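The values are calculated or read from the model by the stated rules, or taken from the named source; none is laboratory data. Remember, it's a predicted structure, so these values are computed and weren't measured experimentally. A quick note on method: Cβ atoms are made from the backbone with ideal geometry, for glycine too, and the neighbour counts reach across all protein chains shown. Quick note on the areas: whole protein, heavy atoms, side chains included, nothing else; ligands and nucleic acids left out. Shrake-Rupley method; radii C 1.70, N 1.55, O 1.52, S 1.80 Å.
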Amino acid sequence: MTNIDERRAEAGMTEGLPMFGRVAIGVLGGLVLVFLAGTAAGYVGAMIEEGSAAPRDAAILGAVALGFAGIGYGVWRFALRGALAEPASGGPGERRTLQRQRRQMGYIALAGVLGGLIGLITGIFDQGDGSLFGGDWESLKLPPMLALGLVVLLIGGFVVLPLWGFRMIDDYKREHNYIAFTGGCVSVLGGYPIWAVLYAGGFTPPPHAFGIFAIAYVSMIASFLYARWRL
Amino acid sequence: MKNRLKVLRAERDWSQAELAGRLDVSRQAVNAIETGKHDPSLPLAFRIARLFDLPIEEIFHDEH
């Protein structure tokens, strides 16, 4: 049994909105899973440092594990299973389209696993009291060899995967990604001096690196969504 | 730019996914070309012309 609508298939709409919906669920679910994994890692790290497990912490960890399982099942049920199902009609073109979708799902899954792995390792082995988000850099501390390993994973996640992704997609989706990267780049070029001037005028705290990174990332996602829905 | 892609596809009773696979592009790209939201690159336009065994100008029309 598949979730393909026969009437839509006959009208040439086999994988229209449902496919986009599945990808959205997959991406959103992946982000929630990474967040839950990071939360669990943080709790486990705190419990190890304290040397004891309070019932409240165990309950929270149980809830996080249940949430993880629920979200994981939801992503499988609504995002992955439908995409991995055989198409209603099996022409050579549809088979190639299905292969393309499987490759893209594999790409998204790999990116999710890589992101989760980085978050998990950082959460478990973090030795300092610093905050990446607050710009408290002096107190950040990781074992040196682990930091080098994380560098390798980050290069994989932020350099190799995006470049590989560009090779996988067609002109249409590449155009969306060009717009997304342009949006991120322009926002940083404009955002940093604007932030600096606002700081000088006493309106904001001083610019810090994670803030600039966040501006780039959020702008990139917003630009991509604009391109995806408007173009 | 207008095109006859949807008509040509319908004549062959192909779904968008079928045409996308034959052109080695995503189904969303086929949909965007059919609805006039996206103009294909020249290499893709040639692939489309070869697939339907038609000259490019019989598939794509300049609106001016």
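Looking at B:Arg22, B:Arg47, B:Arg9, can you tell me which residue is within 13 Å of another protein chain (Cβ to nearest Cβ), over 18 Å from A:Asp170 (Cα atoms), in a helix (DSSP H, G or I) and basic (Lys, Arg)?
That would be B:Arg9, the only listed residue that is within 13 Å of another protein chain (Cβ to nearest Cβ), over 18 Å from A:Asp170 (Cα atoms), in a helix (DSSP H, G or I) and basic (Lys, Arg).
Would you pick out the residues in the stretch A:170-196 that are farther than 30 Å from B:Asp24 by Cβ and surrounded by 12 or more Cβ atoms within 10 Å (Cβ to Cβ)?
A:Val186, A:Ser187, A:Val188, A:Gly190, A:Gly191, A:Tyr192, A:Ile194, A:Trp195, A:Ala196
Residue-by-condition table, conditions (1) closer than 21 Å to A:Thr39 by Cα; (2) modelled with pLDDT of 95 or more; (3) of a type in the set (A, V, I, L, M):
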| position | (1), (2), (3) |
| --- | --- |
| A:Asp129 | yes, no, no |
| A:Leu142 | yes, no, yes |
| A:Met168 | no, no, yes |
| A:Cys185 | no, yes, no |
| A:Ala196 | no, yes, yes |
| A:Ala200 | no, yes, yes |
| A:Arg228 | no, no, no |
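Would you check if B:Asp53 is within 9 Å of chain A (Cβ to nearest Cβ) and either of a type in the set (Asp, Glu) or over 29 Å from A:Arg22 (Cα atoms) (or both)?
no
Of all residues in the stretch B:13-42, which are closer than 21 Å to A:Gln99 by Cβ and surrounded by fewer than 19 Cβ atoms within 10 Å (Cβ to Cβ)?
The one that is closer than 21 Å to A:Gln99 by Cβ and surrounded by fewer than 19 Cβ atoms within 10 Å (Cβ to Cβ): B:Asp24.
B:Asn3 versus (1) at pLDDT below 95; (2) open to solvent by 40 Å² or more (accessible area, probe 1.4 Å); (3) more than 12 Å from chain A (Cβ to nearest Cβ): which is the lone unmet condition?
Of everything listed in (1) at pLDDT below 95; (2) open to solvent by 40 Å² or more (accessible area, probe 1.4 Å); (3) more than 12 Å from chain A (Cβ to nearest Cβ), B:Asn3 misses just condition (2).
Where residues in the stretch A:154-166 are in contact with a helix residue (DSSP H, G or I) (Cβ under 7 Å, 6 or more places away or on another chain) and open to solvent by 40 Å² or more (accessible area, probe 1.4 Å), which of them is modelled with the highest pLDDT?
Result: A:Leu154.
On the basis of being under 27 Å from A:Leu117 (Cβ atoms), in the same structural domain as A:Arg103 (by TED's automatic domain parsing) and not β-branched (Val, Ile, Thr), does A:Gly157 make the cut?
Taking the combined requirement at face value, the residue satisfies it.
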